[in-house]
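A.B. asks: First the structure, then my questions, so here it is.
The values are calculated or read from the model by the stated rules, or taken from the named source; none is laboratory data. Being a predicted model, the structure only gives us computed values, none of them experimental. So basically every Cβ, Gly included, is an ideal-geometry build from the backbone, and we count neighbours across all protein chains shown. Accessible surface areas use protein heavy atoms only, side chains included; no ligands, DNA or RNA. Shrake-Rupley method; radii C 1.70, N 1.55, O 1.52, S 1.80 Å.
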Amino acid sequence: MKNMRLFIFIALLLVSFTLSAEEKVVIRFEYPTAQVLKEFTPEFYDIASFKPGQYLDIVVTRSKYEELLNRGYKIKIVQTEQQLKQNLKDKRELTAYRNYNEVLTELQLIEANNPTICKLYDIGETWGKEYSDNGNSNYDIYHQEVWALKVSDNVLVEEDEPGVYYMGTHHAREPISCEVTMAILNHILDNYGTDPTITDNVNNSQIWFIPLVNPNGHKLVIDEYDVWWRKNIRDNNENGYIDSYDGVDPNRNYGWEWGPVGTSDDWSSDVYHGPEAWSEPEIVAMKNLLESHHFVTGITYHSYSELVLFPFGYNDGVIAPDHDALEELAIEMAVTIPSAYGGNYTPQEAWELYPCMGTTDDYSYGQHGIFSFTIELGTEFIPPGNEIQGICDDNIQAAMILLDRVNYQTLTGIITDSETGLPIVAEIYIEGIDNTGVYREPYQSDELFGRYYRLLETGNYDVTFSADGYFSQTFENVSIISGDTTILNVSLEAADPPDISINPTSFTVNLQSDETTDENLRISNDGEYDLIYNLTHEDRDSGGSDIFGYSWKDSDEPDGPIYSWRDISGMGTLVNFTHNDYATNLLPIGFTFNYYGTDYTQFRISPNGWLGFGDDWTDWHNFELPRVDAPKPAIFGFWDDLYPFDGSNGGGDVYYYGNSDSLIVWFDDVIHYPGTWNGTYDFQFILYANGQILLQYRTVSGDIDTSTIGIQNESGDDGLQVCYNENYVHNELAVLFKKDWLSISPASGNVPGTSYNDISLTFDASGLPEGTYLKNLMINSNDPDEPLTIVPINLYVGTIFQPETPQNVVIEIVGSNINISWDAVTGATSYTVYSDADPYGTFSNVEQAGITGTFWSESVSEEKKFYRITASN
């Protein structure tokens, strides 16, 4: 036993030494400049707090603080490690903040004292428990679960009631968030049965409290192993104990827009977002909770900044479809929370603090439509113990406002099958809201009750209810009033499923080089319910094109383009950028350039390695393609945070030169913005008048796995990605994009029952050598019996082919005439009708040749005849 105690003691010393090797402090930049905000970003620095136009706080080591002072930055220390440790205690030197055992004991006691309205659930595991269960005793003291307390009448029953959640302690060093969550819980229980509003909300809602989302990390802080610890304790380097390389930021691990913005792939970063979305057991527990109940509103508490944040936050300028109603509720809550500096908390969109991906609010709202808010508490990570009660009291009213929100300015009801009366899952679409902003999942009624909720501003709305297999219903001028809910129950009538048919069932086209032609494909719906379809195509012997028809090859492939640098030294026009993230104004191309079916005569150059034909995009982050919230339409030669010379800073220049048949844009040894990643890149774009795009890379050095190369259209829903953050590009590489010989317009659509849509197929033999080209056109639809329809396509370039035999030949005797009709054959220019007295004869008798239509008639004769029809071109 002595040896075991000694082992644990040494392990704890190791943790303490490893995590606190050098003292850290919070430093403040007052009135930070644009250059400061550009350098000190969440990807590379531990951002503690930010108020636009006022201050930026970051966590750094003492040595980093001294370095920044020597570099001339005007900064000051606003929080120290000793200060935070002292704040964990009250004036009597007793622990001011609850630890895990105290929280769990209190929750168990609450359940025992309130059995009719409280139920405690173990909703998930932690890494500490998993490691301990697997035999690693270093983690025995972290053998903890994630607990959630449900408060509702009939607490053991999943009722047709709206859900509300209050979460605390995603981030370990923010224990005040746990205290506020517990204070709200106790306030509700203390006033249940006496306060009519609280009583009504408990009886008609399901309220969930998760005080410790990240109990392992919280323990590191509460026990003072490392008061700066932010993450959980995932053992990233798998060395069996906690060190500075460990942990994942729980509030960067949610699966909605999980990615690089405001996060890091570096284990040691405080915003390391994990190896993939949902990699952390604590966050999987949150996901499972949110998926299992019909939540309508929620708050996740953090510290610090005195802010009330609402979605979205995953990138600069991303506007939620429900922005106005979200902002209205954020303001309503914020004005009730007093600020330590006078006034009240500030309501704002989450991205205005700083954009970051993989957060609770973005997932809750984006995936489930929950009005989810982050409240940043106080003015420091760990407020002094004697300030805890005041912060808790100050936040009660806002929490009650959120709890009561579903009871006013809300559209709600139940959606059922008109014949069976059973609940159905249906989409609730509101014109003027759901067709605005960036994408979120459509609002739907729940499966168990058919219940839906829409939190709205006052006014009149047109609301459409739709579900697969049912006729849609639209209600116009639905009134939403300020003091009450609007109840609209809906019964949807079942419809026969969609039934797809196409004409023709195949295409055969003969073109000479440089010729084009259009063919028509008709998609019909013989059912009642709307047919929803989309079309793609692929070569029968390979793949690689996007929906529109672009494909790419590089010079590493045997039949790829040949690298041949186009030197514009001494000819090109030097680009003068006004900012290292701002593109030029529109410049003349010099010819009409057709890109994704649209003609352009102007373009702009971004210093971040892309060319665009639309508006500027000033965010320097690169993403995967295609993507709606990204530059569009655009060509991405090396999309990254590049830093060409702007007259005073940066390195390398950008030139452009054009004539009547090509445009060249040259990034001449342009550097990466200095920081974690560095490099120098010499590459060029070449746009040809025939629509082809050539990217060439003369020399690249340094970090080459941080960029995106590809193309995308003006909607951001179609494109080609050559690489994303991969070690792909190398010296003397060429990448050619060219439009495929087949393009489709439109590539998707909706066909109402007993109707049809016509699709244009454009065949373009420009630049194709003589030969045969084969494709499959694939039509994916919601026809339950035929979800995939394949249409074979044959293109012959410079080759005479025999068209296919006419199909569906119909012979009728009408009066004294024999009428013969048949289906048109793709590529046929005329038809010939042959006859013979013997069905197995030679059919050498030509009744008529050169028929241009699909009908022929002759008088009835007394002799027996058999007919054969052929097509020719």
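A.B. asks: How much net charge surrounds Asp246 when only other residues with a Cβ under 10 Å from its Cβ are counted (Lys, Arg +1; Asp, Glu -1)? Numbers along the way, then the final one.
C.D. replies: Numbers: positive: Lys231, Arg234; negative: Asp235, Glu238, Asp243.
Around Asp246, the surrounding residues sum to -1.
A.B. asks: Okay, next question. State the percentage of accessible surface on region 810-872 attributable to carbon and sulfur atoms; use a 1.4 Å probe and exclude ligands, DNA and RNA. Mind showing how you got there, number by number?
C.D. replies: Details: 1840 of 3740 Å².
Of the solvent-accessible surface of region 810-872, carbon and sulfur hold 49 percent.
A.B. asks: Enter the accessible area of Lys24 (Å², nearest 10), with the probe set to 1.4 Å and all protein chains included.
C.D. replies: 50 Å²
A.B. asks: Over all distinct Cα pairs, what is the inverse of the mean 1/r for region 810-872, reported as the Kirkwood hydrodynamic radius in Å? Please list the in-between numbers first.
C.D. replies: Values: mean 1/r = 0.0815 Å⁻¹.
So the Kirkwood estimate lands at 12.3 Å.
A.B. asks: Give me the percent relative contact order of region 580-690, please, defined on Cα pairs under 8 angstrom at least 6 residues apart. Walk me through the numbers before you get to the answer.
C.D. replies: Details: 243 pairs, mean separation 25.2, N = 111.
Reported relative contact order: 23 percent.
A.B. asks: Would you mind putting 328-335, 432-439 in packing order, based on average other-beta-carbon counts within 10 Å, highest first? Spell out each step's value before the answer.
C.D. replies: Numbers: 328-335: 20.4, 432-439: 14.5.
Highest to lowest by the protection proxy: 328-335, 432-439.
A.B. asks: Is the C-alpha gyration tensor of region 551-739 telling us rounded, prolate or oblate? Criteria: a/c under 1.5 is rounded; beyond that, a/b larger than b/c is prolate, otherwise oblate. Kindly include the intermediate steps, with their values, before the conclusion.
C.D. replies: Values: a/c = 1.19, a/b = 1.12, b/c = 1.06.
Verdict is rounded for region 551-739.
A.B. asks: So with the 1.4 Å probe, I'd like the accessible area per residue for the chain, rounded to whole Å².
C.D. replies: Numbers: 36200 Å² over 873 residues.
Here the residues of the chain average 41 Å² of exposed surface.
A.B. asks: Name the lysines eligible as straight-distance cross-link partners of Lys553: C-alpha to C-alpha under 16 Å, and not fewer than 8 places from it in the same chain.
C.D. replies: Within reach: Lys738, Lys739.
A.B. asks: OK, next. Take peptides 840-847, 421-428 and line them up by average Cβ neighbours within 10 Å, highest first, as a rough protection proxy. Mind dumping the intermediate values first?
C.D. replies: Values: 840-847: 11.8, 421-428: 17.2.
The most tightly packed comes first, giving 421-428, 840-847.
A.B. asks: Taking the Cα centre of the chain as origin and charging only Cβ (+1 Lys, Arg; -1 Asp, Glu), how large is the dipole, in debye to the nearest 20? Write out the running numbers ahead of the final one.
C.D. replies: Values: 44 positive and 134 negative charges, 437 e Å.
With Lys and Arg at +1 and Asp and Glu at -1, about 2100 debye.
A.B. asks: Please report the net charge: other residues with Cβ closer than 15 Å to the Cβ of Phe855, K and R +1, D and E -1.
C.D. replies: Working: positive: none; negative: Glu812, Asp823, Glu847, Glu858.
Neighbourhood net charge equals -4.
A.B. asks: For Val509, which sequence-distant residues (separation of 5 or more, or a different chain) have an amide H within less than 5 Å of its own amide H, given hydrogens modelled in the peptide plane?
C.D. replies: Asn794, Leu795, Tyr796
A.B. asks: Now a separate question. Counting each DSSP H run of 4 or more residues in the chain as -39500 (n - 2.57), what helix-only mean residue ellipticity at 222 nm follows after dividing by all residues, to the nearest 500 deg cm²/dmol? Don't skip to the end; give the middle numbers.
C.D. replies: Values: 14 runs with 148 residues, N = 873.
Per the formula, -5000 deg cm²/dmol.
A.B. asks: For a quick protection proxy, order the peptides 495-508, 807-820 by their average other-Cβ count within 10 Å, most packed first. All intermediate terms of the calculation are to be shown ahead of the outcome.
C.D. replies: Working: 495-508: 17.5, 807-820: 11.6.
Packing order, densest peptide first, comes out as 495-508, 807-820.
A.B. asks: Here is the link list: Lys51/Lys287; Lys74/Lys219; Lys51/Lys76; Lys85/Lys287; Lys38/Lys219; Lys150/Lys287. Which ones come out longer than 24 Å on Cα distance?
C.D. replies: Over 24 Å Cα-Cα: Lys51/Lys287; Lys74/Lys219; Lys85/Lys287; Lys38/Lys219.
A.B. asks: Moving on. To the nearest 20 debye, what is the magnitude of the charge dipole of region 451-498 about its Cα centre, counting +1 on the Cβ of each Lys and Arg and -1 on the Cβ of each Asp and Glu? Each step should come with its number before you reach the end.
C.D. replies: On the way: 2 positive and 7 negative charges, 37 e Å.
Its charge dipole is roughly 180 debye.
A.B. asks: Taking the Cβ of Gly590 as the center, what net charge do the other residues with Cβ under 14 Å away carry, scoring Lys and Arg +1 and Asp and Glu -1?
C.D. replies: Working: positive: none; negative: Asp599, Asp661.
It works out to a net charge of -2.
A.B. asks: Still on this structure, please answer the following. Could you go through region 567-572 in sequence order and give the Karplus-derived ³J(HN,Hα) for each residue, using 6.51 cos²θ - 1.76 cosθ + 1.60 with θ = phi - 60°, rounded to whole Hz, and x for Gly and Pro?
C.D. replies: 7, 10, 4, x, 10, x
A.B. asks: Of all the accessible heavy-atom surface of region 410-492, with the other protein chains kept in place and a 1.4 Å probe, what percent is carbon and sulfur? Before the final figure, lay out each step's value.
C.D. replies: On the way: 1880 of 4060 Å².
Within region 410-492, the accessible surface is 46 percent carbon and sulfur.
A.B. asks: Still on this structure: Would you work out which of Ile233, Gly753, Leu149 lies farthest towards the positive end of the dipole of the chain? Charges go on Cβ: Lys and Arg +1, Asp and Glu -1.
C.D. replies: So the residue furthest toward the plus end is Ile233.
A.B. asks: A further question follows. Roll a 1.4 angstrom probe over the protein heavy atoms and tell me the percent of accessible area of region 149-306 that is carbon or sulfur. If you can, show how the numbers build up before the last one.
C.D. replies: Details: 1740 of 4020 Å².
Heavy-atom surface of region 149-306 belonging to carbon and sulfur, 1.4 Å probe: 43 percent.
A.B. asks: Could you tell me which residue out of Gly590, Tyr697, Thr573 lies farthest along the dipole of region 551-739 toward its positive end? Charges go on the beta carbon: Lys and Arg +1, Asp and Glu -1, centred on the Cα centre.
C.D. replies: So the residue we want is Gly590.
A.B. asks: Moving on. Collect residues whose amide H, placed 1.01 Å from N in the peptide plane, falls under 5 Å from the amide H of Asn315; neighbours closer than 5 in sequence don't count.
C.D. replies: For Asn315, the qualifying residues are Cys356.
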